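First comes the structure, then the notes that go with it.
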Amino acid sequence: MQLIDNLRSAVLQQREDEVSNFFSDVSDLREFISAREPGAGVNITVKMCCYNAERLSADNGSRITLVNSSAHGTFEEVQEALNELNSVNRKPFIAQVTVWDSKKKFGSPKSGRIHFRVGAVYEFKQVHSVGYFSDIAKGSVQLEEASSDRVVERLPPILKRKNAGEPSGRHPKARALLQQDESEEQKDGSGVESVAIATTARKRNTVASRG
């Protein structure tokens, strides 16, 4: 049947687009948009590092601002440098993907959301409606219950480095309480020991006087 053949052809084309149009670098994505001017139905795959995430005003999705996936290892430095740029000069270095929440038929609508973590690397599949909006490379993804792998966290955020002189382990307040307990234990221990010595000495003196 012609309809089935056309559908299969469209599915194959979509899969080819997702594989061939894979971007982990913002400049490569911008070059693709400028050269191809992709239509709304062209799908791409984006694997980049989350610079910022915010809920849409209608609370039906999230807008994820991304930087190169290579920024993952030095995210703190990249984040600091980007924060120093104004909104216009920052545009060539970022991309944005709008992730629309899945439409829940049952249960809480919040279960159809994804909690995005700044500094983590995410892979977005079937990103469509790709183009420039306010000179920022953008696209959209629609979450669906049947396609749980459409947005996947590939690398978690790297923990912030501690200063060389910063003590590790317990919280400062907890350490202070621990030191206080140890001090009290030492006092209690020395007090018991002194009482024991004094008691022993008195017993010896009593025995000596009786003798």
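A compact table of results
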read-out: Odd one out for Val130 among (1) assigned to a loop (DSSP other than H, G, I, E, B); (2) closer than 22 Å to Arg15 by Cα; (3) modelled with pLDDT of 95 or more; value: (1)
read-out: Filter result for Ser62 (crowded, with 18+ Cβ neighbours inside 10 Å, among the small types (Gly, Ala, Ser) and farther than 20 Å from Arg113 by Cα); value: no
read-out: Matching residues in region 1-54 - criterion: being surrounded by fewer than 13 Cβ atoms within 10 Å (Cβ to Cβ) and in a strand (DSSP E or B); value: Glu54
read-out: Any chance Phe124 is surrounded by 15 or more Cβ atoms within 10 Å (Cβ to Cβ), in contact (Cβ under 8 Å) with a residue 12 or more places away in the chain and outside any strand (DSSP E or B); value: no
read-out: Contacts under 8 angstrom Cβ, first residue in region 12-31 being farther than 20 Å from Leu155 by Cα, partner assigned to a helix (DSSP H, G or I), 6 or more apart; value: Asn21/Phe32; Ser27/Pro92; Arg30/Pro92
read-out: Number of positions in region 76-120 that are at pLDDT 95 or above, β-branched (Val, Ile, Thr) and not in a helix (DSSP H, G or I); value: 5
read-out: Every residue from region 133-145 that is in a loop (DSSP other than H, G, I, E, B) and more than 24 Å from the chain's Cα centre (by Cα); value: Ser134, Asp135
read-out: Residue match in region 74-81 (condition: within 17 Å of the chain's Cα centre (by Cα), farther than 17 Å from Arg150 by Cβ, in contact (Cβ under 8 Å) with a residue 60 or more places away in the chain and buried (at least 17 other Cβ atoms within 10 Å of the Cβ)); value: yes
read-out: Complete set of residues in region 50-75 that are in contact with a Lys or Arg (Cβ under 7 Å, 6 or more places away or on another chain) and charged (D, E, K, R); value: Glu54
read-out: Test for Thr65: is it of a type in the set (Ser, Thr, Tyr), under 15 Å from the mean Cα position of the chain (by Cα), closer than 24 Å to Asp17 by Cβ and in a strand (DSSP E or B); value: yes
read-out: Pairs where the first residue, in region 141-164, is more than 14 Å from Val99 (Cα to Cα) and the second is at pLDDT 75 or above and basic (Lys, Arg), C-beta under 6 Å, 6+ apart; value: Pro157/Arg117
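The values are calculated or read from the model by the stated rules, or taken from the named source; none is laboratory data. This is a predicted model, so every value here is computed, not measured. Note that we place each Cβ from the backbone using ideal geometry, even for glycine, and neighbour counts take in every protein chain shown.
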